[in-house]
Amino acid sequence: MGRIRPGFVKKQAQELLQKYKDKFSANFDENKKILMKNAEFPTKKLRNLIAGCITKEVKKSQKVHSLQ
């Protein structure tokens, strides 16, 4: 079992994913770079948590589309 992400991390990730939907990919490192360019975060840990959440959502949506 994995760690549970706080609600504000999930909410921020969803907002950024909707705003920059076409820029994000299933690659964590690329998503970190995109976040550094398009948004500011007080800590590196918070940026990485949000990048991980976005990566997970992108992978999940790709999996759903491939099954259909």
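Condition (residue is hydroxyl-bearing (Ser, Thr, Tyr) and either at pLDDT below 95 or out of contact with any Phe, Trp or Tyr (no Cβ under 9 Å at 6 or more places or on another chain) (or both)) applied to region 44-59: is it met by at least one residue? No, because not a single residue in region 44-59 is hydroxyl-bearing (Ser, Thr, Tyr) and either at pLDDT below 95 or out of contact with any Phe, Trp or Tyr (no Cβ under 9 Å at 6 or more places or on another chain) (or both).
Restricting attention to region 11-40, and to residues there that are in contact with a helix residue (DSSP H, G or I) (Cβ under 6 Å, 6 or more places away or on another chain) and of a type in the set (D, E, K, R), which single residue is farthest from residue 56 (Cα to Cα)? Out of the qualifying residues, it is 23.
The values are calculated or read from the model by the stated rules, or taken from the named source; none is laboratory data. A quick note: this is a predicted structure, and the numbers were derived from the prediction, not measured. When we count neighbours, we look across all protein chains shown, and the Cβ atoms used for this are built from the backbone with ideal geometry, even at glycine.
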